[in-house]
Amino acid sequence: MSDSPLVVSFDAGTTSVKTLVFDGQARPVITTTSIGYDLQTTSDGGVEIQAQDLFQAALQSLDQAHQALSQLGRTPNAVAMCTFWHSFLGLDASSRPSTPILHLLDTRSQAAAEQLKRELDEKEFHTRVGTVFHPSYWPAKMLWLRTERPELFAASAKWMSFGEYLFEEFFGQAHAATSMLSATGLWNSNEQRYDGALLQHLQLRPEQLADLSLLDQPASGLKPEYAKRWPLFAQIPWFPSIGDGAANNIGCGCDTPNEFALMVGTTGAMRAVFERPHVDIPEGLWCYRLDPRRFVLGGALSNGGKVFEWVMERFQMPGDWEQQLAQTKPGSHGLTVLPLFAGERSTKWRADARGAITGLNLNTTPVEILAASLESVALRFRLLYEILAERLGAPERVIATGEALRRSTVWTQMMADALGRPVVASLEKETSARGAAMLVLERLGIVKHLSEIPSATGDTYLPRPEYAETYARLLEEQKTLYRRLFDTP
């Protein structure tokens, strides 16, 4: 290890931050403790983070990594970063936060999203930008702030993601990555520029957004206070933060369209990474970028592991729930579940949609509710899979990642059954941090291509043919319930 390159990788997820150090083959050398931070929620759908709270968590995490490297007597080659996609905050003229960080699950801008749908052609906009008008994205949040929090909007001279804010603090310049800009809802991913028509409609000036002359460029030379705090990091290149979803894909080894990544953490996503000069963006999915060379096409669920957590917390599960779950045949419970407890993103993008459970009777057990709920999430992934496979072709396999799936091998088997494709469990636990490090290893020329770095996988779950018709029926029942509850005449 003494001769191997080292990359520090800072990862700000949706509920905690962590910093790891990887070697030249993206193997973890140092893993720091996870530092959680508070999400502040409001009764009207708000989900906010105080910028200073998240910033302090980042400092503590980087402190841990620096101390560990100091003990090893090693200076790393670079710092990589990934942060959760869609983070959004304003800075005032003195580069101080003028708003809280608005989380991707903040739904207060739903009315603003509906207003944008009335004012603009959403379908045409989606073909250009790869997103829709939804509270997850910046346009609706900006319109909401202008209308509902005019004092905060007026105080904001610049708009950026949390990763850009870290660069502003550490270097005095807010470097951004194409990956983060592509997920704002303001970026034309095919043409790799801000969408001028949308900026004009929102009355935004380009100078209020990321400086494109610094796009994807590393920074070095920390401000004196941080150079003193982290002398090993002071003069090495820091690469701008990429989206955690893009990093997750490559961190688990999914860097070609022949493999789809299926991630189930607090939320959920299915994505594919590929190199093409241009992509036609299918309805129901979003399209972002990993970097200027590579697209990320996929869909996201606001409800992934959170559904598992919700059921486990609210129902008294027996100690052998996993064994009972394994013995419960798909659909035998007679329940239909819409797992939309936090609204819907892909595929219909209904932030106002809510969860539902039908078919309950006096004999329904907690394990049956758990089984139906986990099946329902697998069916939501089936909806994403069908669109992705139609556009890119059926993958050879699906790589499953995320802490939520590690809690239940039965759930991973449900995913294979629902998708009708083999699902392979990833053994890489810190896939987002690893993916960010891998991209920097490629940028530094330590590896020529991401595919040179092997990724560890575990068991393969094959779809069981005897349940194919059952899952098809369950999917139709879920679609029918959705139409009855949410489709307008």
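If a residue has to be part of a helix (DSSP H, G or I) and polar (S, T, N, Q) to count, how many in the stretch 360-390 make the cut?
Taking the stretch 360-390 and keeping what is part of a helix (DSSP H, G or I), we get 366-390.
Restricting the remaining residues to those that are polar (S, T, N, Q) gives 373, 376.
Adding up the residues that qualify gives 2.
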| Count of residues meeting criterion [farther than 24 Å from ASP216 by Cα and touching a Phe, Trp or Tyr at 6+ places or on another chain (Cβ under 8 Å)] in the stretch 265-298 | 2
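At pLDDT below 95 and either farther than 22 Å from VAL423 by Cβ or crowded, with 24+ Cβ neighbours inside 10 Å (or both): is that true of GLY268 in this structure? Write out each step before concluding.
Values: at pLDDT below 95: yes; either farther than 22 Å from VAL423 by Cβ or crowded, with 24+ Cβ neighbours inside 10 Å (or both): yes.
For GLY268, the condition - at pLDDT below 95 and either farther than 22 Å from VAL423 by Cβ or crowded, with 24+ Cβ neighbours inside 10 Å (or both) - is met.
Can you spot a residue in the stretch 412-423 that is touching a Gly at 6+ places or on another chain (Cβ under 8 Å) and in the same structural domain as LEU481 (by TED's automatic domain parsing)?
Going residue by residue through the stretch 412-423, those that are touching a Gly at 6+ places or on another chain (Cβ under 8 Å) are none.
Checked the stretch 412-423: no residue is touching a Gly at 6+ places or on another chain (Cβ under 8 Å) and in the same structural domain as LEU481 (by TED's automatic domain parsing).
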| Only one of these conditions is not met by GLY73: (1) closer than 18 Å to ARG229 by Cα; (2) surrounded by fewer than 20 Cβ atoms within 10 Å (Cβ to Cβ); (3) in contact (Cβ under 8 Å) with a residue 60 or more places away in the chain. Which number is it? | (3)
| query | Could you list, in sequence order, the residues of the stretch 443-471 that are more than 30 Å from PRO76 (Cβ to Cβ), within 28 Å of the chain's Cα centre (by Cα) and outside any strand (DSSP E or B)? | reply | LEU462, PRO463, TYR471
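If you take the residues of the stretch 348-364 that are in contact with a His (Cβ under 8 Å, 6 or more places away or on another chain) and either on the phi < 0 side of the Ramachandran plot or aliphatic (A, V, I, L, M) (or both), which of them is modelled with the highest pLDDT? Spell out the reasoning first.
Kept after step one, since they are in contact with a His (Cβ under 8 Å, 6 or more places away or on another chain), are these residues of the stretch 348-364: 349, 351, 359, 364.
Filter again for either on the phi < 0 side of the Ramachandran plot or aliphatic (A, V, I, L, M) (or both), leaving 351, 364.
Values: ALA351: 84, THR364: 97.
Taking the candidates together, the pick is THR364.
Provide a single number: the residues in the stretch 205-248 that are small (Gly, Ala, Ser) and over 23 Å from the mean Cα position of the chain (by Cα). I'd like the intermediate steps shown before the answer.
If we filter the stretch 205-248 for residues that are small (Gly, Ala, Ser), which is where we start, we get 210, 213, 219-221, 227, 234, 241, 243, 245-247.
Among the residues that remain, those that are also over 23 Å from the mean Cα position of the chain (by Cα) are: 213, 219-221, 227, 234.
Result for the stretch 205-248: 6.
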| Those residues of the stretch 89-98 which are crowded, with 17+ Cβ neighbours inside 10 Å and out of contact with any Phe, Trp or Tyr (no Cβ under 8 Å at 6 or more places or on another chain), in sequence order | SER98
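Can you tell me which residue in the stretch 391-420 is surrounded by the fewest Cβ atoms within 10 Å (Cβ to Cβ), limited to those that are in a helix (DSSP H, G or I) and of a type outside the set (A, V, I, L, M)? I'd like the intermediate steps shown before the answer.
Taking the stretch 391-420 as the starting set, the residues that turn out to be in a helix (DSSP H, G or I) are 391-392, 403-406, 409-419.
After this cut, where a residue has to be of a type outside the set (A, V, I, L, M) as well, the list is 391, 403, 406, 409, 411-413, 417.
Numbers: ARG391: 15, GLU403: 12, ARG406: 16, THR409: 16, TRP411: 25, THR412: 23, GLN413: 21, ASP417: 24.
Ranking the qualifying residues of the stretch 391-420, first place goes to GLU403.
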| note | Over the stretch 472-483, the set of residues surrounded by fewer than 18 Cβ atoms within 10 Å (Cβ to Cβ) and either under 26 Å from the mean Cα position of the chain (by Cα) or closer than 16 Å to TRP411 by Cα (or both) is LYS479
| remark: Just one listed residue, out of ARG397, ARG434, ARG421, ARG407, is modelled with pLDDT of 95 or more, under 28 Å from LEU20 (Cβ atoms) and out of contact with any His (no Cβ under 9 Å at 6 or more places or on another chain), and it is ARG434
| query | Which condition does PHE22 not pass, out of (1) touching a Lys or Arg at 6+ places or on another chain (Cβ under 8 Å); (2) more than 24 Å from TYR226 (Cβ to Cβ), if it passes all the others? | reply | (2)
| remark: Residues of the stretch 217-266 being touching a strand residue (DSSP E or B) at 6+ places or on another chain (Cβ under 7 Å) and on the phi > 0 side of the Ramachandran plot, in sequence order, are GLY253
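The values are calculated or read from the model by the stated rules, or taken from the named source; none is laboratory data. Because the structure is a prediction, the values reported are computed rather than measured. A quick note on method: Cβ atoms are made from the backbone with ideal geometry, for glycine too, and the neighbour counts reach across all protein chains shown.
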